[in-house]
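The values are calculated or read from the model by the stated rules, or taken from the named source; none is laboratory data. None of the values given here were measured: they were computed from a predicted structure. Cβ: placed from backbone, ideal geometry, glycine included. Neighbour counts: every protein chain shown.
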Amino acid sequence: MLIQSRLVPDPRQTMPDPLRPDPVRQGVADSARLVVVKVGTRVLTGPNGLLDGDRIDMLGRQLDGLLSCQRRVVLVSSGAVGAGMGRMGLSSRPAELAHLQAVAAIGQSCLIEAYERSLRSKNRHAAQVLLVADDLQERTRYLNIRNTLRALLDYGAIPIINENDTVSVEELRTSFGDNDRLAALVTTLLGADLLVLLSDVDGVFDRHPSEPGATRLDTIDRIDARIEGLARDRLGGVSKGGMASKIAAARIATEAGGHCIIASGRDDRVLERIFAGESVGTLFRGRNEPMPAWKRWLGWSADSRGTLIVDDGARTAVVGQGRSLLAAGIRRLDGGFAAGDVVSLAGEDGAPFARGLVNYPDEELRRIVGLKTDSIETVLGYCPYEEVVHRDNLAVIRRDIPNG
């Protein structure tokens with residue numbers, strides 16, 4: 001992670017005494033009955049690319065501790081490519097896609113074996129679940145996955161989820177943002193109370209952590225352009241994650257109503273300390289009111305078929321007042337879609353801020369863009385809906401105004 005800015009941190013966001021339980025942190029921990037933990041490649045592997053068995057055992061011990069406290073836990077784990085590299089004696093990440101997928105397949109077996117070995121010694125069971133983005137886009141498959149994960153949790157197992165790198169071509173070609181986003185989507189899928197992202201960096205800092213005077217931000221109540229500007233990803237090595245993708249994942253989790261903590265997975269007691277209410281990593285506080293399950297799917301998992309570009313007034317009405325989107329507030333639209341498809345709502349700068357089900361097909365909507373509701377029947381010959389996207393079928397995914 002490279003830091004772009006030397007912004008002076010908000011005093012309310014800087015570190016309190018790390019050894020004294022914080023009331024806010026303790027409240028978050030106490031209310032978290034369903035937890036999603038994501039652990040990154042750099043945490044799980046050593047410099048030689050091999051899985052660090054001691055680190056996995058320590059993680060398994062902490063996960064067992066959470067289950068013993070009547071919590072349910074889902075683990076999203078990176079590390080398959082790194083584990084495969086170590087098993088095959090490779091010193092660098094393969095460049096050719098087929099070889100990269102082969103290494104991931106070999107490494108995945110090593111990864112799940114290590115988790116199962118650690119958990120079995122504590123009378124727990126690991127359940128391997130491999131997903132790709134398409135699995136969460138289609139509503140029926142989405143619900144099937146949710147039901148399966150809930151059943152695994154009912155059995156007391158710990159689902160170990162990873163990107164299915166052997167078939168997920170585009171994700172392997174990218175350099176970051178895979179399992180961080182996957183963990184956030186699993187959080188919304190299950191309506192988890194807390195997402196913990198374990199990294200090799202102890203949270204979000206106001207500058208590079210190695211620089212003198214670098215300050216960790218303890219609590220972030222709102223993710224805006226300033227917070228997003230604190231991180232810029234560095235490519236290279238075997239890890240695809242970066243601080244920017246973790247902040248993006250935190251935005252998803254918090255907008256859906258959960259909380260998120262980014263902390264160092266190299267702390268042997270990191271989960272214990274988090275659930276003891278200690279000041280560990282950076283806490284992103286979620287909205288007070290959790291988003292309904294239907295809207296969580298609309299907001300982040302469903303496949304969007306097009307984009308409606310709206311004016312500032314319409315954006316304010318949707319985001320600030322919880323109102324439906326009317327034709328009068330639409331400036332233009334992109335893409336082809338039918339009535340009932342999922343579309344994105346974006347500001348005039350093109351940044352999406354909501355998603356929902358559209359009531360008109362694109363060819364009809366193009367004819368009524370910018371019109372008041374009482375003019376729709378004159379143009380189309382009928383007016384089946386007053387709203388283009390009704391608020392009951394609309395999910396706000398970004399409440400701040402970019403660059404605003």
Would you pick out the residues in region 279-294 that are crowded, with 22+ Cβ neighbours inside 10 Å and either out of contact with any Gly (no Cβ under 7 Å at 6 or more places or on another chain) or more than 15 Å from residue 184 (Cα to Cα) (or both)? 279, 280, 281, 282, 283, 284
Residue 223 is checked against (1) on the phi > 0 side of the Ramachandran plot; (2) under 20 Å from the mean Cα position of the chain (by Cα) and fails just one. What number does that condition carry? (1)
Of everything in region 185-220 that's small (Gly, Ala, Ser) and buried (at least 21 other Cβ atoms within 10 Å of the Cβ), which residue is nearest to the chain's Cα centre (by Cα)? 192
Contact list, first residue from region 184-199 and on the phi > 0 side of the Ramachandran plot, second anywhere and part of a strand (DSSP E or B), beta-carbon distance below 8 Å, six or more apart or interchain, is 191/34
Inspect region 259-280 for any residue being in contact (Cβ under 8 Å) with a residue 40 or more places away in the chain and aromatic (Phe, Trp, Tyr) and give the result as yes or no. yes
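For every residue, the table says whether it meets (1) modelled with pLDDT of 95 or more; (2) of a type in the set (Lys, Arg); (3) closer than 20 Å to residue 358 by Cα.
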site: 269; (1), (2), (3): yes, yes, no
site: 305; (1), (2), (3): yes, yes, yes
site: 309; (1), (2), (3): yes, no, yes
site: 332; (1), (2), (3): yes, yes, yes
site: 341; (1), (2), (3): yes, no, yes
So which helices (runs of 4 or more DSSP H) stay within region 180-284 end to end and still have 2 or more residues that are small (Gly, Ala, Ser)? 243-255
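A quick yes/no check of all residues on (1) farther than 24 Å from residue 85 by Cα; (2) at pLDDT 95 or above; (3) in a helix (DSSP H, G or I):
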position: 107; (1), (2), (3): no, no, yes
position: 110; (1), (2), (3): no, no, yes
position: 113; (1), (2), (3): no, no, yes
position: 118; (1), (2), (3): no, no, yes
position: 122; (1), (2), (3): yes, no, no
position: 135; (1), (2), (3): yes, no, yes
position: 147; (1), (2), (3): yes, yes, yes
position: 162; (1), (2), (3): no, no, no
Quick one: in region 346-404, of everything that is in a helix (DSSP H, G or I) and of a type in the set (Ser, Thr, Tyr), which residue is surrounded by the fewest Cβ atoms within 10 Å (Cβ to Cβ)? 378
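For the subset of region 149-158 comprising residues that are of a type outside the set (Ser, Thr, Tyr) and not in a helix (DSSP H, G or I), which member is nearest to residue 181 (Cα to Cα)? Reasoning before the result, please.
Just the residues of region 149-158 that are of a type outside the set (Ser, Thr, Tyr), to begin with: 149-154, 156-158.
Those left that are additionally not in a helix (DSSP H, G or I): 156-158.
Numbers: 156: 25, 157: 23, 158: 19 Å.
If we take residues in region 149-158 being of a type outside the set (Ser, Thr, Tyr) and not in a helix (DSSP H, G or I), then 158 is nearest to residue 181 (Cα to Cα).
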Out of the residues in region 321-345 meeting the condition of being in contact (Cβ under 8 Å) with a residue 60 or more places away in the chain and of a type outside the set (A, V, I, L, M, F, W, C), tell me which one is surrounded by the most Cβ atoms within 10 Å (Cβ to Cβ). 324
Could you please find all residues in region 298-323 being among the hydrophobic types (A, V, I, L, M, F, W, C), closer than 20 Å to residue 137 by Cα and assigned to a helix (DSSP H, G or I)? 298, 300
